[in-house]
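What follows is a short report on a single structure.
None of the figures in this text is laboratory data; all of them are computed from the coordinates on show. Remember, it's a predicted structure, so these values are computed and weren't measured experimentally. Please note: Cβ atoms are built from the backbone with ideal geometry, for glycine as well, and neighbour counts cover all protein chains shown.
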Amino acid sequence: MEIDVLCVGLATYDLVYQVDRYPGEDEKCFASSLLLCGGGPGANAAVTVARLGGAAAFAGYLANDVFGRMHLEELVFEGVRTDLIVRDEKTAARRKAAADNPCRNNARSALSSILVAPGGKRTVVTHKGTTPILEPEQVDFARFSPRAILFDGHQPALSVPLAQRAREQNTPTILDAGSVSEGTARLARLCSHLAASEKFARDFTGEKAPQKALTVLARMAPVAVITLGDAGLIYCDSRSSGAIAPFAVDAVDTTGAGDIFHGALALRTARGDDLFRALQYASAAAALGCEKLGARPAIPSAEAVESLLRSTG
């Protein structure tokens, strides 16, 4: 089956609390609102592709607990292909243990608790639960023929051989390099598009100045991008280099903006856009994703992105 983007990586379930301020040490606070929804960089990118009108599949792990079931339902509702998701079976022993001790924590899903303060800044605490490192034999990638592949680095055993095959077949690959890990470090030299956060660029290259870090990353990948939050982004490929200013929006929550950016970039790359157009489109999508609480509900439609691009010339 031909699809636009295959997204490989992490799925979490998000608990998003909106607070008036971050609590201090040994202090309690109350949230003015609470949002529960699916999350995770790879899963959010897949939903972004689908909501922007593309065909997407997600490869990763979802536990067979209440959070995993709710997340799977979300992905199906959004139109994301879920054939490549690995799930664990709820054994009779686990069911009996839960029945014998209903207060026991049997959750196995990766969970993220997110505190969102005024102005859109957020603090995230993630517990990966029992998310396993999947092995290549557990996922049959031969079912799909993607025009581009996006990796978030959280499933290196799956991602590295897949990225190697994609390079041999000249399939574009996009790395969401948010932080330095085994997966992102190995994939940085394999992917055609290395789209890094400022933190990854600094930690991975040892260069504090983003422009110097970009020069180092450009030696590793044909396309290097460093996102700078509310300062926009800088980029470089074999033909051009430059910067794109951020789009002005009223930020409510920046959670998931990077996931949206990478999903949109992967889609426009799959559709054959030139680098500047793809980055501009992805930047607009990410900006719109900051206007609502939570990552998943804030993912914009293609019409909203095109409207923002038209309005800014």
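Note: relative contact order over the range 1-85, using C-alpha pairs below 8 Å and six or more positions apart, is 34 percent.
Shape annotation for the range 2-311: C-alpha extents along the principal axes are 64, 47, 40 Å, from largest to smallest.
Only aspartates and glutamates eight or more places from Lys208 in sequence, or on another chain, were considered; those with a Cα closer than 14 Å are Glu198. Our summary gives the chain a relative contact order of 19 percent, counting only alpha carbon pairs under 8 angstrom and 6 or more residues apart. Remark: the range 239-246, residue by residue, has Karplus-estimated 3J(HN,Hα) of 10, 7, 8, x, 9, 10, 6, x Hz, where x stands for each Gly or Pro and the curve is 6.51 cos²θ - 1.76 cosθ + 1.60 at θ = phi - 60°.
Per-residue Karplus couplings for the range 217-222, computed as 6.51 cos²θ - 1.76 cosθ + 1.60 with θ equal to phi - 60°, are listed in order as 5, 5, 7, 9, 9, x Hz, Gly and Pro entered as x.
In the elastic network of the chain, a GNM with C-alpha springs shorter than 10 Å, the most mobile of Glu27, Glu168, Glu291 is Glu27. Comparing mean-square fluctuations of Phe151, Phe58, Phe276 from a GNM of the chain with C-alpha springs under 10 Å, the top value falls on Phe276.
Within the shell defined by Cβ-Cβ distances under 13 Å, the residues around Asp83 carry a net charge of +2, with Lys and Arg each +1 and Asp and Glu each -1. Each residue of the range 185-200 was assigned a 3J(HN,Hα) from its phi angle through the Karplus curve 6.51 cos²θ - 1.76 cosθ + 1.60 (θ = phi - 60°); the sequence is 5, 6, 6, 4, 9, 10, 7, 6, 10, 9, 9, 10, 6, 4, 5, 4 Hz, with glycine and proline shown as x. Taken about its Cα centre, the chain carries a charge dipole of about 360 debye when Lys and Arg each add +1 at the Cβ and Asp and Glu each add -1 at the Cβ.
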